[in-house]
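One structure is given here, and the rest of the page talks about it.
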């Protein structure tokens, strides 16, 4: 009987849960840093969705809420934008966290 690739690759993954959770939390922290004018989570999600949406790719507040809560991760195109908005300090914090 064949096993599915997804189950097999997940089972053999070298990433521990702590690392994955930390990466997910980083996205939310970077969004808060990038948009300090946000007064609530809903406000943050609305602002981030407006800023990150383009003519080709629409981002909804619900999607941003999933990122902020750590339910899933954004595509790299959004990570790039979040890094730019959050500033150089956020980039250095990310690099420093990976080195530790």
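The values are calculated or read from the model by the stated rules, or taken from the named source; none is laboratory data. Note that the structure is a prediction, hence the values are computed from the model and not measured. So basically every Cβ, Gly included, is an ideal-geometry build from the backbone, and we count neighbours across all protein chains shown.
State which residue is surrounded by the most Cβ atoms within 10 Å (Cβ to Cβ) when the search covers only the range 74-100 and only residues that are modelled with pLDDT of 90 or more and part of a loop (DSSP other than H, G, I, E, B).
74
Assuming residue 95 fulfils every condition listed in (1) within 13 Å of residue 23 (Cα to Cα); (2) in contact (Cβ under 8 Å) with a residue 24 or more places away in the chain apart from one, which condition is it?
(2)
Mind listing just one residue for me: the one in the range 51-73 that is out of contact with any helix residue (DSSP H, G or I) (no Cβ under 6 Å at 6 or more places or on another chain) and under 16 Å from residue 30 (Cα atoms) and, of those, surrounded by the fewest Cβ atoms within 10 Å (Cβ to Cβ)?
71
Given the options 63, 58, name the one that is at pLDDT 95 or above and over 20 Å from residue 20 (Cβ atoms). Walk me through how you get there before you give the answer.
Values: 63 fails: over 20 Å from residue 20 (Cβ atoms).
Step by step, each of 63, 58 is checked, and only 58 is at pLDDT 95 or above and over 20 Å from residue 20 (Cβ atoms).
Filter the range 14-38 down to the residues that are loosely packed, with under 10 Cβ neighbours inside 10 Å and at pLDDT below 90, then identify the one that is nearest to residue 90 (Cα to Cα).
First pass over the range 14-38, keeping only residues loosely packed, with under 10 Cβ neighbours inside 10 Å: 14-18, 36-37.
When the remaining residues are screened for being at pLDDT below 90, the result is 14-18.
Values: 14: 26, 15: 22, 16: 23, 17: 22, 18: 20 Å.
Among those residues, the one meeting the criterion is 18.
So which pairs qualify, if the first residue must be in the range 58-81 and free of Cβ contacts under 8 Å to residues at least 60 places away in the same chain and at positive phi, the second must be surrounded by 11 or more Cβ atoms within 10 Å (Cβ to Cβ) and in a helix (DSSP H, G or I), the Cβ gap must be under 8 Å, and the two must be at least 6 apart or on different chains?
These pairs meet every condition: 70/21; 70/24; 70/25; 70/27; 70/28.
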